[in-house]
1. Got a sec? Which of Arg306, Arg281 is at pLDDT below 95 and basic (Lys, Arg)?
2. Which members of region 660-675 meet the condition of being closer than 19 Å to Thr580 by Cα and either touching a strand residue (DSSP E or B) at 6+ places or on another chain (Cβ under 7 Å) or open to solvent by 20 Å² or more (accessible area, probe 1.4 Å) (or both)?
3. Please verify whether region 46-59 includes one or more residues that are under 26 Å from Thr546 (Cα atoms), at pLDDT below 85 and either touching a helix residue (DSSP H, G or I) at 6+ places or on another chain (Cβ under 8 Å) or polar (S, T, N, Q) (or both).
4. Of everything in region 575-586, what is assigned to a loop (DSSP other than H, G, I, E, B) and surrounded by fewer than 24 Cβ atoms within 10 Å (Cβ to Cβ)? Give them in sequence order.
5. Would you check if Ser570 is free of Cβ contacts under 8 Å to residues at least 60 places away in the same chain, out of contact with any Phe, Trp or Tyr (no Cβ under 9 Å at 6 or more places or on another chain) and assigned to a loop (DSSP other than H, G, I, E, B)?
6. State yes or no: is Thr652 among the polar types (S, T, N, Q) and either surrounded by 20 or more Cβ atoms within 10 Å (Cβ to Cβ) or touching a Gly at 6+ places or on another chain (Cβ under 7 Å) (or both)?
7. Regarding region 46-58, can at least one residue be identified that is more than 19 Å from Gly451 (Cβ to Cβ), crowded, with 16+ Cβ neighbours inside 10 Å, touching a Pro at 6+ places or on another chain (Cβ under 8 Å) and polar (S, T, N, Q)?
Amino acid sequence: MKRLFVFLMVWSLYPLCAQESYMARADRFSSDSLGDLIRNQSVSVQWIGKDCRWFHYTSDDADARRYWLVDTRTWRKRPLFDSFSMARQLAAYADSSRMPTPKELRLYGLEFDSSDPRGFTFDYNKYRLHYDGRSGELSEKPRKDASRGNLFSQGDYRRSYSADSSYYVSAVGHDLMLFRGDGTDSVRLTHTGERYHSFATGGSNDIKPEARGSAIGRWMGKSHYYLLVREDKREVEELTLVDNLARPRPKAKNYKFPMPGDKHVVQYDAWLVDADSLCIRQLDIARWPDQKVEVPRFSMITHTDRHAYFVRRSRTCDSVELCRVDFAAHRVKPIIREVCKPAQNDQQFNFHVLNDGRDILWWSERTGYGHYYLYDGDGRLQGAVTSGDYVAGKIERIDTLARAIVYEGYGREPGINPHYRFYYKTGFSGGEPTLLTPGNGDHSVALSPDGRFLTDTWSRMDRAPRHQICDMKGRSRIELESCDLSELYARGWKEPEVVEVLAADSVTRLYGVVYLPFDREPGRKYPIISNVYPGPHVDLVPQAFTLDDNYNQSLAQLGFVVINFAYRGSGPWRGRDFHTFGYGNLRDYALADDMAAIRQIAARYSCADIGRVGIYGHSGGGFMTVAAMLNHPEFYKVGVAASGNHDNNIYTQWWGETFHGVRQSRGKDGKPCFECRIPTNIELADRLAGRLMLITGDMDNNVHPASTFRLADALIRARKRFDMMVIPGADHGLGDRYYINLIRYYFTEHLLGLPQQDIDIVNHN
């Protein structure tokens, strides 16, 4: 009888012991634990001299960090110095408490000798040292005087100077003042600035009338004209958060937040300062009611010495104009107009003004794929610069003399995942582009200052990063040290698998990642967990090598098959039709594809259990999690939804009106009005059948906690059981170990059937 009692006690404790060992295993294979075991995941190439004949870079071996010097005439590399010898010599200049080792060599501020790049000076500790490449010896050099006089001394961040420093602009309170560069004369340009309609950066805050600060806007080229576009948020309604952790008592925090269909949204006005005339003029920029006006920061050039350029968009998100400001005439003229149905892809759109305004590069999805078009300075189309059934993304470099661009491209290489980023070169006249980055994977580049070479790092989730230097003909000239994962493999780590499936239409190819338990047992079935994010502005499926992305790899080690796919309607890299698939159906568009992917994974992997499916996500992924569980309760059994925008009608105006759609009409007073009604998760609350945990931070000023609270209220009214965690003081980001382990424990309990006890869920003790 005593033996039976002991056996039953041990058996009752087994799930808890198993749970603790699982959690320890998940932690052991997390990025927090494994990150230091990877060598050469990234590389930083530093070019030497204006002719870029030489470059240097570092690599990490098991015993030392090594510095290399490469000659681009021969493409041969040699050590810049011996790391062991350098460490010994640096000991004389080190703090006695921390002596340098070959593995910890970090040299900063390298300046190379003009006669021989093997010699250089650098900063170490408080010394400026010189290394003689011929003798291999170190010597101390006097430091340069760092206090060089200039107009931009301490405190001058509040002053915006013209190119020749003849004038500067500052904000005084919420208004604008113009000063002569030497500060001897000034004029107050405006008197009407106020909070939420300010000429000062940070104009949504209370600013004392006499306070000096930086002004919005910028000087135009070498001219004495200063252009600014001002936001008017005065009538935009507010949201309120309560900082429950504030001392000595909770404190309300209010902020402006326009929502879909709001009567009052942000308005814009534009102003041109003529410094020589000591005056400011308001520009006529009116075109559409409730339009958005901006000077895009991601465009390389948006002005000349005679003109400035800005973009205005209709509130219906389907019309856009490029406008030119004539400084001398103080006049605004639209020069390029485009209608973009159903909505403009503002995530990818950009333009570039070149050759003193004679050429304009303009991005458009008019063919169904995003491409660049060349216009002359008056907005006349000259032709397509890029074309074809692929997407041209951000421009990396523009060579105005050679009339050519280097740019990102997605989906051009046959048989390769169209989400992978490649780089191409093509001329303004179009034609066949040159592929600059060979290698089946996702590429990131850095160009040499002279534009003759690029440093290319490429990888996939199932392939470690490789580093190469390529020329402008797409030839790989030298391969640098590849990423070393040997210590990861020794720990028992394995790559996730990159997988291709078909969407619910049985035609469109979808791409994603599958994470499997490393020690799968023969014959055992593992629940499937789908980590989701539906877009539409971006998908969160990693393409380049990332260790334990979103903690999915470590979650799988608890005993799950974890998947992450990009669905129709997600990121903007596969063309207009793919990107806008969910337009008008912002709640449900991604669900059929997620189920199709799960079914194909279950058919492909015999260890995957289609009868136990979980789903989780953050932000848009949290909203999709709940939509999936309420629309398809027979399929999804357990879900964790964090910071979800469950009611998109109280989320940001930009999101709802751009991706769901807004209808313009006339009110009874004859004025334009806008309507936007988006289906919500709250409407389906009575369908909940599985186990659901809702998580929100009470200081989330992106997706207001009200979205989660309203869903919770609907579930309560529907008499549904659910779990909920409000994290005090947390904003939208979440992401700490407590939050990560909430997700792990919830799936462990409800998909694996391992009960939780009162334990420390961060340290598992």
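The values are calculated or read from the model by the stated rules, or taken from the named source; none is laboratory data. The structure displayed is predicted, hence computed values, not measured ones. Positions of Cβ are backbone-derived with ideal geometry, glycine not excepted, and every protein chain shown enters the neighbour counts. Heavy atoms of the whole protein, side chains included, go into the accessibility calculation; ligands, DNA and RNA do not. Shrake-Rupley method; radii C 1.70, N 1.55, O 1.52, S 1.80 Å.
1. Arg306
2. Result: His660, Val662, Arg663.
3. Scanning region 46-59, I find no residue that is under 26 Å from Thr546 (Cα atoms), at pLDDT below 85 and either touching a helix residue (DSSP H, G or I) at 6+ places or on another chain (Cβ under 8 Å) or polar (S, T, N, Q) (or both), so the answer is no.
4. Within region 575-586, Gly575, Thr580, Phe581, Gly582, Tyr583, Gly584, Asn585 meet the criteria.
5. no
6. Considered against the rule, which asks whether it is among the polar types (S, T, N, Q) and either surrounded by 20 or more Cβ atoms within 10 Å (Cβ to Cβ) or touching a Gly at 6+ places or on another chain (Cβ under 7 Å) (or both), Thr652 comes out as no.
7. No, region 46-58 contains no residue that is more than 19 Å from Gly451 (Cβ to Cβ), crowded, with 16+ Cβ neighbours inside 10 Å, touching a Pro at 6+ places or on another chain (Cβ under 8 Å) and polar (S, T, N, Q).
Here is a yes/no grid of residues against (1) of a type in the set (A, V, I, L, M, F, W, C); (2) under 20 Å from Val703 (Cα atoms); (3) at pLDDT below 95:
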| site | (1), (2), (3) |
| --- | --- |
| Arg576 | no, no, no |
| Ala592 | yes, no, no |
| Met595 | yes, no, no |
| Ile601 | yes, no, no |
| Asp609 | no, no, no |
| Tyr616 | no, yes, no |
| Ser619 | no, yes, no |
